[in-house]
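Comments concern the structure below.
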Amino acid sequence: MIEDRIRIITTGGTFDKLYDALKGELTFRESQLPRILHQARVTLPVHLGSIFAVDSLVMTEEQRRTIVEDALSCIEKMVVIVHGTDTMVDTAELLKASMKADDGHVFVLTGAMIPYSLESSDAVFNLGFALASVQLLSPGVYIVMGGQVFMAGGVRKNREKGVFEAI
């Protein structure tokens, strides 16, 4: 049933990066989401969609608008957006500004400070927390990171501490 299904949109970011031994750098190949969902034994009905895979530091405003347009057009009312943490706040604020007052969507943005492919990643926890949060929150735009829920427009990434915090 569409009402119960969660849309997960992936846009890249640290969450999906893999170490390329030949280049000696983190790169994108394919989304890690199917593996994570399988590993976590997620039984929720989800629909995965990938718009592109970019580091949010190089994300263009056109790409940011594409994320917003895609999210707003989802038939599912519960939408999780996996996004790079460096500009996640910007996308959340644009999405919030683009929502109509009567929009019933719950948008939850999440990401990872450490790629899923590396030891000690926060990706699995953040995705699980996002999947739980999207089912419980009221319509609106939120960022969920590190076990905390923040409303769009009231959060920032503290780069010195490596955490998200309310402002």
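Quick check on my filter: what residues within region 116-166 are among the small types (Gly, Ala, Ser), touching a residue at least 40 places away in the same chain (Cβ under 8 Å) and either surrounded by fewer than 21 Cβ atoms within 10 Å (Cβ to Cβ) or farther than 15 Å from residue 79 by Cβ (or both)?
Passing the criteria: 117, 123, 128, 140, 153, 162.
Just to be sure before I move on: is residue 75 within 17 Å of residue 10 (Cβ to Cβ), in contact (Cβ under 8 Å) with a residue 40 or more places away in the chain and not acidic (Asp, Glu) in the structure I sent?
Spelling it out, it is not the case that residue 75 is within 17 Å of residue 10 (Cβ to Cβ), in contact (Cβ under 8 Å) with a residue 40 or more places away in the chain and not acidic (Asp, Glu).
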task = Could you please let me know if residue 101 is under 19 Å from residue 33 (Cβ atoms) and out of contact with any strand residue (DSSP E or B) (no Cβ under 7 Å at 6 or more places or on another chain)?
result = no
query = Does residue 91 satisfy the condition of being modelled with pLDDT of 95 or more, of a type in the set (S, T, N, Q) and under 21 Å from residue 157 (Cβ atoms)?
reply = yes
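Residues are listed down the side, and each one gets a yes or a no for (1) modelled with pLDDT of 95 or more; (2) surrounded by 15 or more Cβ atoms within 10 Å (Cβ to Cβ):
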{"site": "51", "(1), (2)": "no, yes"}
{"site": "55", "(1), (2)": "no, yes"}
{"site": "59", "(1), (2)": "no, yes"}
{"site": "65", "(1), (2)": "yes, no"}
{"site": "69", "(1), (2)": "yes, no"}
{"site": "73", "(1), (2)": "yes, no"}
{"site": "77", "(1), (2)": "yes, yes"}
{"site": "80", "(1), (2)": "yes, yes"}
{"site": "86", "(1), (2)": "no, yes"}
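The values are calculated or read from the model by the stated rules, or taken from the named source; none is laboratory data. Note that the structure is a prediction, hence the values are computed from the model and not measured. Here Cβ is always computed from backbone atoms with ideal geometry, including for glycine, and neighbour counts include all displayed protein chains.
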